[in-house]
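Below is one structure, written out as structure tokens; comments come after it.
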């Protein structure tokens, strides 16, 4: 009799349970969405209800050691069109294409393309962008943009590098320090409906960008300019394939200058500079064009290896002295050639000879048989150990992309012939920078410093954010051997094959080299000169290298005068004062004179003043007015010395 009500009661309980379970599930779902998916869903809703336009940050500048801008950022604008808001596509395309010098049809195609935001043109000058903004064209937006500018054009182009259209570093320092230079983009957020139309009365939010940090480098604009002028002049005179000059502080590895010729314009890096390549450019495949550009951008100082020739005798000497198999007076005899392992190896002076000589005379004469004798006394394994001590098998660690490392024989492959030829810089290849680092270790007390360019990062207010640290590295030779090597190499300049680098009043040490390129007998050579100064306490170590000079090719003849020219400028600039010995003091034109204050004068007038008091001078910069000079006004210097003027 009561059974129907019991059934109804059970159904009610069941339905109630179902409802309760549904509520629990709903509450659980809401909790899950809020606790675990809330942020994501909020972002999606926000994205659907807003339009997001990026604001590019100012890319950090690349500065020389004195704060001079080598790569800077200029504020420009970008012009875009919001498809949903553009009312008259044809009229808009006509206006924009005319003002921006664009193709009308291409502009119209961009405007009518169904995308939320279409970029029409970037890096628009602000004045022009303001005129476009004043037109108030529906759907057209003008945003902040940046443009990378290189004030010195081609100066240190392979070192500084450049950015692509997206302002991302491609080569050189621009690429290496990308993470610090790039900054973080900002945003302009505008409330829209689901169709992407801006809401009337809707709010606009601006999230400012975080600008990149400025990179202070060890480069010096003036020293880089001297190096580039010198290497460009000799490359043109000798119709050479290319040339390199490196100036580095041997005490800490700071690179003052790294000049490559030929080079390219950083403001137009995709323009081929080689006339020969320009002529056939249109006939090249895409890969060939890409290869040609990559070749143009290559930094020979670090990207390529070469047989160093006689500059490498520096390290053979250091090894022999370190192992006490020779001393400065060890006797040698040069007969013009030596037969090793059945192969006759000639001295560069063949068919003449150097005859009887001591070791130090052999270094001054750059006599191949002397160094073959030193290597023989060392033995293959000990000689190879010193190659590893100087780390010619490793990269230097310079803060530039694409560095190569030396290519050496494996120890078990070094026979008598290989040992003999390696002793004077053949049968192995290293980079120019590896040679400079090895030379620095030879004269700085034996330490393998890390060559580098990056010194510190600055924020927009000039505060130091980070200082880069570089240790002195391992000690390849002892201080005593280093002291001896400085003396030996100074005599190469004062009394040997490096005499064309002799500068009265300055103690310069160095070593010449004339490397015959492979295949032997091709008639192609590399002329080079490694130098350091002052010899008693070096502040600079330098390498001049000229690849495939035409005509005379001996390192002392070709590279020596170039090195002299560079050091005559660099040493006074680095604060090194001339000290004349008795003989040098008797040379004409060494009377002390006071440096006049030429700042603010026209360069023609400044030149006349300096000539009248018998001072030589160099000009750097493209302007007409002297803005800086060295030595400072009022300082006493000797007649014949150089005054360096910077004009703008």
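Of the residues 566, 562, 626, which is assigned to a strand (DSSP E or B) and buried (at least 18 other Cβ atoms within 10 Å of the Cβ)?
Numbers: 566 fails: assigned to a strand (DSSP E or B); 562 fails: assigned to a strand (DSSP E or B).
Residue meeting the stated conditions: 626.
State whether one or more residues within region 467-482 are farther than 20 Å from residue 316 by Cβ and in contact with a helix residue (DSSP H, G or I) (Cβ under 9 Å, 6 or more places away or on another chain). Checked region 467-482: at least one residue is farther than 20 Å from residue 316 by Cβ and in contact with a helix residue (DSSP H, G or I) (Cβ under 9 Å, 6 or more places away or on another chain). One residue stands out in region 154-190 among those that are within 14 Å of the chain's Cα centre (by Cα) and in a loop (DSSP other than H, G, I, E, B): the one that is farthest from residue 256 (Cα to Cα), namely 170. Scanning region 313-347 for residues that are without any contact (Cβ under 8 Å) to a residue 40 or more places away in the chain and crowded, with 20+ Cβ neighbours inside 10 Å yields a count of 2. Residues satisfying the criterion are absent from region 392-412 (criterion: surrounded by 24 or more Cβ atoms within 10 Å (Cβ to Cβ), in contact with a helix residue (DSSP H, G or I) (Cβ under 7 Å, 6 or more places away or on another chain), within 22 Å of residue 498 (Cα to Cα) and touching a residue at least 40 places away in the same chain (Cβ under 8 Å)). Restricting to region 349-360, and then to whatever is out of contact with any strand residue (DSSP E or B) (no Cβ under 7 Å at 6 or more places or on another chain) and free of Cβ contacts under 8 Å to residues at least 60 places away in the same chain, can you tell me which residue is nearest to residue 171 (Cα to Cα)? Of everything passing the filter in region 349-360, 349 is nearest to residue 171 (Cα to Cα).
Out of contact with any helix residue (DSSP H, G or I) (no Cβ under 6 Å at 6 or more places or on another chain), in a helix (DSSP H, G or I), surrounded by fewer than 21 Cβ atoms within 10 Å (Cβ to Cβ) and outside the structural domain of residue 459 (by TED's automatic domain parsing): is that true of residue 224 in this structure?
Details: out of contact with any helix residue (DSSP H, G or I) (no Cβ under 6 Å at 6 or more places or on another chain): yes; in a helix (DSSP H, G or I): yes; surrounded by fewer than 21 Cβ atoms within 10 Å (Cβ to Cβ): no; outside the structural domain of residue 459 (by TED's automatic domain parsing): yes.
No: the conditions fail for residue 224.
Just one of the listed residues (174, 178, 184, 144) is loosely packed, with under 14 Cβ neighbours inside 10 Å and touching a strand residue (DSSP E or B) at 6+ places or on another chain (Cβ under 6 Å), and it is 184.
Determine which member of the set 493, 481 is in the same structural domain as residue 547 (by TED's automatic domain parsing) and either within 23 Å of residue 257 (Cα to Cα) or assigned to a strand (DSSP E or B) (or both).
493
Selection of helices (runs of 4 or more DSSP H) fully inside region 286-386 by the criterion of at least 2 residues being modelled with pLDDT of 95 or more and closer than 30 Å to residue 162 by Cβ returns 286-297, 300-303.
Considering 523, 496, the condition of being surrounded by fewer than 19 Cβ atoms within 10 Å (Cβ to Cβ), within 28 Å of residue 428 (Cβ to Cβ) and over 29 Å from the mean Cα position of the chain (by Cα) is satisfied by 523 alone.
Filter region 616-634 down to the residues that are touching a strand residue (DSSP E or B) at 6+ places or on another chain (Cβ under 7 Å) and more than 20 Å from residue 225 (Cα to Cα) and list them by number.
Answer for region 616-634, where residues must be touching a strand residue (DSSP E or B) at 6+ places or on another chain (Cβ under 7 Å) and more than 20 Å from residue 225 (Cα to Cα): just 634.
If you go through region 421-439 and keep only what is part of a helix (DSSP H, G or I) and buried (at least 24 other Cβ atoms within 10 Å of the Cβ), you end up with 422, 423, 432, 433, 434, 435, 436, 437, 438, 439. Checked against the criteria, residue 301 does not count as touching a helix residue (DSSP H, G or I) at 6+ places or on another chain (Cβ under 9 Å), closer than 23 Å to residue 436 by Cβ and assigned by TED's automatic domain parsing to the domain that holds residue 574.
If you go through region 440-458 and keep only what is within 27 Å of residue 518 (Cβ to Cβ) and part of a helix (DSSP H, G or I), you end up with just 442. Residue 646 satisfies every condition listed in (1) loosely packed, with under 13 Cβ neighbours inside 10 Å; (2) in contact with a strand residue (DSSP E or B) (Cβ under 9 Å, 6 or more places away or on another chain) except (1).
Residue count for region 83-118, restricted to those that are at pLDDT below 90, under 41 Å from the mean Cα position of the chain (by Cα) and surrounded by 16 or more Cβ atoms within 10 Å (Cβ to Cβ): 2.
If only residues of region 605-622 that are surrounded by 12 or more Cβ atoms within 10 Å (Cβ to Cβ) and in a loop (DSSP other than H, G, I, E, B) are counted, the one that is modelled with the lowest pLDDT is 614. When 542, 531 are screened for being under 26 Å from the mean Cα position of the chain (by Cα) and free of Cβ contacts under 8 Å to residues at least 40 places away in the same chain, only 531 passes. For region 578-596, the count of residues that are modelled with pLDDT of 90 or more and under 28 Å from the mean Cα position of the chain (by Cα) is zero.
Conditions (1) touching a helix residue (DSSP H, G or I) at 6+ places or on another chain (Cβ under 8 Å); (2) under 13 Å from residue 79 (Cβ atoms), marked per residue:
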{"position": "113", "(1), (2)": "yes, no"}
{"position": "126", "(1), (2)": "no, yes"}
{"position": "133", "(1), (2)": "no, yes"}
{"position": "136", "(1), (2)": "no, no"}
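The values are calculated or read from the model by the stated rules, or taken from the named source; none is laboratory data. Just so we're clear, the structure is a prediction, and the values are computed from it rather than from any experiment. So basically every Cβ, Gly included, is an ideal-geometry build from the backbone, and we count neighbours across all protein chains shown.
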